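Single-structure report; data block below.
The values are calculated or read from the model by the stated rules, or taken from the named source; none is laboratory data. The model shown is predicted, which means the values in this text are computed figures rather than measured ones. Ideal geometry is used to build each Cβ from the backbone, glycine not excepted, and the neighbour counts take in all protein chains shown.
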Amino acid sequence: MLKNSLNVIIIAIALVISSYLFSSAFQNRNKSNDTISVTGSGKKDFVSDLIVWSGSFSKKSMTLKEAYAALDADREKIKTYLSSKGIAPNEMVFSAVSFNKDFETIFNENGTTRQQTFTGFTLTQSVSIQSKEVNKIEELSRQSSELINSGVEFYSSPPEYYYTKLAELKITMIAEATKDASIRAKSIAENADASLGNLKKSDMGVFQITGQNSSEDFSYGGSFNTQSKNKTANITVRLVYQVD
């Protein structure tokens, strides 16, 4: 009888302790869920300080020797022209020469191929310039059509614009976005009659660079505009705070 009573007492004590532990765990679980998540943003306009511009030229002849000789002559004309615009020889980077065998296809009346006639070799080469003198090279890219007057078939590509201090800019913007998110979190907590606790988690969003005043869409992986000299950088930071 005494043994049965002891067993009942032990079971009762175990139930009380289990209930207490469950209640405590439940309360702590709810407490850990008392958080707020906010997103802050940073935005900065800046001007590119590096430009990359390139163009290509080509020659065609029935023999490789003649085509190479004509291409060499055009290359020298381009070097002379660029030098006259203040471009140093070591700033001119010429690519390897590529060539194609060209054929003219003659078809039968039923649309099948009758024969292919060799029409010559086309040789192509490109030249590129990378410079921090953005305005100077930008103007050069517009004037390069002058080479056509000297008999050079020169095709100018649109300049590409970059910024060499992007790492420093990104750090500044992260700080700005974090501050913005913190201010938002404090405002939400105050309006809810709560106090902001410790920072539980922080995540950086995608870093985006678009042209100023453009309609470019942000992309999931981050956009990186190289067509515009004047750019806008955007970044977001997500903070999760404990609420007391």
Residue under evaluation Phe118, criteria (1) at pLDDT below 95; (2) in contact with a helix residue (DSSP H, G or I) (Cβ under 8 Å, 6 or more places away or on another chain); (3) in a strand (DSSP E or B), criterion not met | (2)
Restricting attention to the stretch 119-170, report how many residues are closer than 29 Å to Lys43 by Cβ and among the aromatic types (Phe, Trp, Tyr).
-> 3
For the stretch 28-87, name all the residues that are crowded, with 16+ Cβ neighbours inside 10 Å, in contact with a Ser or Thr (Cβ under 7 Å, 6 or more places away or on another chain) and closer than 30 Å to Asn198 by Cβ.
-> Gly40
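Conditions (1) touching an Asp or Glu at 6+ places or on another chain (Cβ under 7 Å); (2) exposed (fewer than 14 other Cβ atoms within 10 Å of the Cβ), marked per residue:
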site	(1), (2)
Gln125	no, no
Gln130	no, no
Val134	yes, no
Ile137	no, no
Arg142	no, yes
Ser150	no, yes
Thr164	yes, yes
Lys170	no, no
Can you work out which of the residues in the stretch 41-75 that are of a type in the set (A, V, I, L, M, F, W, C) and within 18 Å of the chain's Cα centre (by Cα) is farthest from Asn100 (Cα to Cα)?
-> Phe46
If we scan the stretch 196-218, do we find a residue that is among the aromatic types (Phe, Trp, Tyr), over 30 Å from Thr124 (Cβ atoms) and surrounded by 14 or more Cβ atoms within 10 Å (Cβ to Cβ)?
-> yes
Here is a list of conditions, (1) without any contact (Cβ under 8 Å) to a residue 60 or more places away in the chain; (2) in a helix (DSSP H, G or I); (3) closer than 25 Å to Lys77 by Cβ, and Asn100 meets all of them except one; can you say which number that is?
-> (2)
Does the stretch 106-122 include one or more residues that are aliphatic (A, V, I, L, M), loosely packed, with under 14 Cβ neighbours inside 10 Å and touching a strand residue (DSSP E or B) at 6+ places or on another chain (Cβ under 9 Å)?
-> yes
Any idea how many residues of the stretch 230-244 are crowded, with 19+ Cβ neighbours inside 10 Å and farther than 30 Å from Ser195 by Cβ?
-> 3
